[in-house]
Amino acid sequence: MAFDSGEFASGAARAVLLHLVLFASTSGLISLAICVGNMINEPLQEGSALSGALGLSMLVMIFGVPISLVAALIGVLPALLLGRGMARLRAFRTHLLAWCAFGIAFCSAVSVAVVYILHFDQMTWISAFIVAGFVSGATAIPVAWVRTVSIALREDRGLKPLPWFRCRTRRPVRTDTKAPGPSPYSDR
């Protein structure tokens, strides 16, 4: 289960990208739920509520992306130490549990730091976005690790990595439905 620097960097990049995708989609759903709740309270403002959902999710991502990138830079060293410390262990399950625990602990620390830095002293709708950031980060870390390990182990065996999504190949459609034979326009 040893890894090189390229595999570690690709795993870290996968974790950050997966976290941002999960956080963006979750933030969009939370924003939509908040704005639908506002539409129920004020039924004459449907258009402004839906545009508010888009604006709110974009505002959250304006803050979320830099926080995620800074957190990723801070978390690289502990993740590297964890990976190097577990390099001699062969049990996949042990690695998976360790990366799940790391994801939960690290994302908890980041969430507490965000709450402390932004001075949230009471429960508001912003708390839902902080929970969404925690859940998306704690999910992205072990999922990215599993994907990186599967790619690395397949390459070590000389196999091609499996795609995340399988594309179905289309077979060409036969256009000539007649049985082969002489053409009526030939000289024979």
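The values are calculated or read from the model by the stated rules, or taken from the named source; none is laboratory data. What you see is a predicted model, and the numbers here were worked out from it, not measured in a lab. Every residue, glycine among them, receives a Cβ derived from its backbone with ideal geometry; neighbour counts consider all protein chains shown. These area figures cover heavy atoms from the full protein model, side chains too; ligands, DNA and RNA do not enter into them. Shrake-Rupley method; radii C 1.70, N 1.55, O 1.52, S 1.80 Å.
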- Note on the structure: Taking a crude spin-label model, label points 7 Å out from Cα along the C-beta direction, the L80 to S25 distance in nm is 3.1 nm
- Query: How much solvent-accessible surface does I40 expose, in Å² to the nearest 10, with a 1.4 Å probe and all protein chains in place?
  - Reply: 130 Å²
- Message: Tell me the accessible surface of M58 in square angstrom (1.4 angstrom probe, heavy atoms of protein chains only), to the nearest ten.
- Response: 110 Å²
- Please name whichever of I30, S111, V146 sits farthest to the positive end of the charge dipole of region 1-155, dipole taken about the Cα centre and charges placed at Cβ: Lys and Arg +1, Asp and Glu -1. V146
- Provide the solvent-accessible area of W99, counting protein heavy atoms only and rolling a 1.4 Å probe, rounded to the nearest 10 Å². 20 Å²
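Grab the Cα-Cα distance for T94 and V36, subtract it from 0.36 nm times how many residues apart they are, and report the gain in nm with one decimal. Walk me through the numbers on the way to the answer.
Values: separation 58, 0.36 × 58 = 20.88 nm, distance 4.31 nm.
Extra length from T94 to V36 when fully extended: 16.6 nm.
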- Say each of W125 and L59 gets a label point 7 Å from the Cα, pointing the same way as Cα to Cβ; how far apart are those two points in nm? 0.8 nm
- Query: In what sequence, largest accessible area first, do E42, E7 appear using a 1.4 Å probe?
  - Reply: E42, E7
- Query: How far apart, in nm, are two points set 7 Å out from the Cα along the Cα-to-Cβ line at A87 and at V70?
  - Reply: 3.2 nm
- Task: Return the carbon/sulfur percentage of the accessible area of region 7-158, one whole number, probe 1.4 Å, all protein chains in place.
- Result: 74 percent
